[in-house]
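Note sheet for the following structure.
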Amino acid sequence: MGAADQGLSDDEVRGIREALAAGRKPKVMFTAAAGQIAGQLGQVVELTDPSVSDEFVVVRFGRDELPFSPADVAMAPRGAGRRPAESKVEAAPAEPVAAEPEFVLDQVPQPRREEPKVREESKVEAAEAKPARRAVKAAKPKGPAGLTVTLAYAEGEWTVAAQQGAKALAKPYVVKPAEALRMVALVDVPGVHEAVEQILAAERAEAERQAEKLRAELAEIEARLAELREAS
């Protein structure tokens, strides 16, 4: 059994890893463990995590980059990559024809090619699922418009108005001071109570002044009437 049939040793794997880090792509030859492509050449383009899979040696062969185990490949002999070109110059095409990548690619097991497609399809399905969640958020029902009830005082009168959104439910209408005081009592804000009490106190004082004036005028009218009665 030759060295090319024994696969890669641990030291050779370390050497390939150092070569990849330096930007080189070492050439390897497929062993009998690789099946029908035994004896063909490829380039190592990556070493993945050997703890995840035994096939951690990624080899570029023809147009594909496929994973193999260290037993499937061995270091290519010196000058192995130059032999097909030299034989072509010497008009001996028999050996290069046997190494055509198109013929060998048809013999590679198909499941290795399909695995990336399965992962791509799962990514597409995950991307299509995201817009559906956005549509659920956009369908949130709209709540009712806000309601505003206003108690106002102006020019000696208390008025109440109600409005919902832009629609007026009740135009301002006059209410009695006692009713206004009961409405304000529902609002637990000391400053509002004090303002209303001051307004009511001012209204009472004005009403008493007007009543006193009217009583004085009425007394004068009654005295004048009494004089007229006596004269007659």
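The values are calculated or read from the model by the stated rules, or taken from the named source; none is laboratory data. These figures come from a predicted structure and were not determined experimentally. Glycine gets a Cβ as well: all are built from the backbone with ideal geometry, and neighbour counts include every protein chain shown. Accessible surface is based on the protein model in full, side chains and every heavy atom, while ligands, DNA and RNA are left aside. Shrake-Rupley method; radii C 1.70, N 1.55, O 1.52, S 1.80 Å.
Miscellaneous remarks
- All positions within the range 140-165 that are more than 48 Å from the chain's Cα centre (by Cα) and either assigned to a loop (DSSP other than H, G, I, E, B) or over 19 Å from residue 199 (Cβ atoms) (or both): 155, 156
- Every residue from the range 166-181 that is open to solvent by 40 Å² or more (accessible area, probe 1.4 Å) and outside any helix (DSSP H, G or I): 166, 167, 168, 169, 171, 172, 173, 174, 176
- Strands (runs of 3 or more DSSP E) contained entirely in the range 15-76, each with at least 3 residues that are surrounded by fewer than 20 Cβ atoms within 10 Å (Cβ to Cβ) and not polar (S, T, N, Q): 41-47, 64-68
- Filter result for residue 184 (part of a strand (DSSP E or B) and open to solvent by less than 60 Å² (accessible area, probe 1.4 Å)): no
- Any chance residue 203 is of a type outside the set (A, V, I, L, M), open to solvent by less than 80 Å² (accessible area, probe 1.4 Å), more than 24 Å from residue 148 (Cα to Cα) and part of a helix (DSSP H, G or I): yes
To keep it simple, each residue is scored yes or no on (1) under 53 Å from the mean Cα position of the chain (by Cα); (2) at pLDDT 90 or above; (3) among the hydrophobic types (A, V, I, L, M, F, W, C).
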position: 167; (1), (2), (3): yes, no, no
position: 178; (1), (2), (3): no, no, yes
position: 189; (1), (2), (3): yes, no, yes
position: 195; (1), (2), (3): yes, no, yes
position: 208; (1), (2), (3): no, no, no
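- Selection within the range 207-232 - closer than 27 Å to residue 185 by Cβ and either in contact (Cβ under 8 Å) with a residue 12 or more places away in the chain or open to solvent by 100 Å² or more (accessible area, probe 1.4 Å) (or both): 208
- Conditions (1) small (Gly, Ala, Ser); (2) over 14 Å from residue 75 (Cβ atoms); (3) in contact with a strand residue (DSSP E or B) (Cβ under 6 Å, 6 or more places away or on another chain); number of the one not met by residue 33: (3)
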